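Notes to accompany the following structure.
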Amino acid sequence: MPVWWGMKTISVEMRGRMMAVYDRGESTREAVAKRFDVSLGFIKKLLSQRKREGTIEPLYHRAGRKAKLEPEHGQRLKDEVARKPDSTLEELKEALGLECTPQAIHWVLNKMGLTYKKRRCEPASRTARTSSKRGKSGVRDKGGLKDKGWSSSTSRRQRQT
């Protein structure tokens, strides 16, 4: 397994050295990979990227999932919260016609330091008794403690030591 596996991105300087060795014709792709302790796939990717993009720099901007909330959405969210501060996330989503999750809206609002209503107004939950029987007391009549209020650890008897 290559040394670079699971580590930081290989620097542009190191990438340049790899390409220079390959371009001078000193080594094959396999030999360059072995010499710099990287995978053959990395060398192939680097050559392909240089041919296609004209650069060997890391392509950070292409990594990860693309955001559905753009910077202009942030300003619209801010305006909507100022206009109607008691809106829920779902209401904000519908008002602005956004195609994202409520959590995404939460993260943007949180990052901007804005607060919002957490949930809809609903009737109070049921306050009636949820259990039909009363629980029994913890004292047993038969085979239990004879003297209520005393246990074996608080016995009146003197302990033998």
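The numbers here are math on the coordinates, done by the rules we state, and not lab data. All of these numbers come straight from a predicted model, not from anything done at the bench. So basically every Cβ, Gly included, is an ideal-geometry build from the backbone, and we count neighbours across all protein chains shown.
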Integer Hz, Karplus 6.51/-1.76/1.60 couplings in order for region 42-50, x for Gly and Pro: 5, 5, 4, 4, 5, 5, 5, 5, 5
Cα→Cβ-extended label distance, 7 Å offset, between K66 and Q49, nm: 2.0
Added length on full extension, which subtracts the Cα-Cα distance from 0.36 nm per residue, E57 to T101: 12.5 nm
Inter-probe distance in nm under a simple model that places probes 7 Å from Cα toward Cβ, at R76 and K34: 5.7
5 angstrom amide H check on K84, placed H, neighbours 5+ away: none
Fully extended contour minus Cα-Cα distance, from S27 to N110, at 0.36 nm per residue: 24.6 nm
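Take the residue pairs K8/K51; K8/K66; K45/K93 and return only those whose Cα atoms are more than 32 Å apart. Walk me through the numbers on the way to the answer.
On the way: K8/K51 24 Å; K8/K66 22 Å; K45/K93 40 Å.
In this structure, K45/K93 exceed 32 Å between Cα atoms.
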